[in-house]
Amino acid sequence: MRRTPALLACALVAGGMLTAGCTVTAANGSVPACRTASSSDIDGLVLMAQSVPTASKIPCVRLELPGWSEGPVDVRSGHGRFTLANDRAGARAVTVELTRACHLVGAVKVPTDHPGTTRWERIITIAAGYVGDRYYVYPGGCVTYRFRLRGETRAIPVSEATLSLGLVDRSVVEAALRDRSDGRLHLDP
């Protein structure tokens, strides 16, 4: 994950900047990475966590697969979003959104693949690609995967995206930020 001046400015200022109205739109390469939850390069995870202070889990990329690339990140108070592009399915094949709550109208509850969450699916169409939404609901938050897959790939990239995306517990991000700052910064001031 590459650091950008805008990310560092918001992520490292006394912890509460996003709740004061900071908005960050970052270039490619700033998508929160699950592997950084235990390293010193946690800026993307911190920003995403601060966007929804009630969320007990933070979405991230846990595995980079061939044919997939990171798109833009948009983080603001109450909402965090990043996109993934796929060389077969399009530039915005998957959009991952973190919000306080989800609108589950038309979705069906299915078994979850992330402990501590309930999972809901809404298939919109399978003609000329695949369009559907997946929701992970948990205490204080909801992560939505919006699949907009073009072409004849059908749902194959859905499986790949499912493998590459993950959730990190907020407490892990908080501990990493405390360690990185020698106890000076806190995720939730």
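What follows is calculated from the coordinates using simple rules that are stated; it is not laboratory data. Quick caveat, the model's predicted, so the values are computed rather than measured. Using ideal geometry, Cβ is built from the backbone for each residue, glycine included, and neighbour counts are taken over all protein chains shown.
Amide H contacts for K57 (H built 1.01 Å from N in the peptide plane; partners 5 or more residues away or on another chain; cut-off under 5 Å): R170.
Order these by the 10 Å Cβ neighbour count, fewest first: S181, S77. Provide the component values of the computation, followed by the final result.
Working: S181 13, S77 16.
Taking fewest neighbouring Cβ atoms as first place, the list is S181, S77.
Working ranking of peptides 158-166, 55-63, 42-50 by packing, defined as the average number of other Cβ atoms within 10 Å per residue, highest first, is 42-50, 55-63, 158-166. Ranking of E174, E152 by neighbouring Cβ atoms within 10 Å, starting from the fewest: E152, E174.
Counting Lys and Arg as +1 and Asp and Glu as -1 over every other residue whose Cβ lies under 13 Å from the Cβ of T112, the net charge comes to +2.
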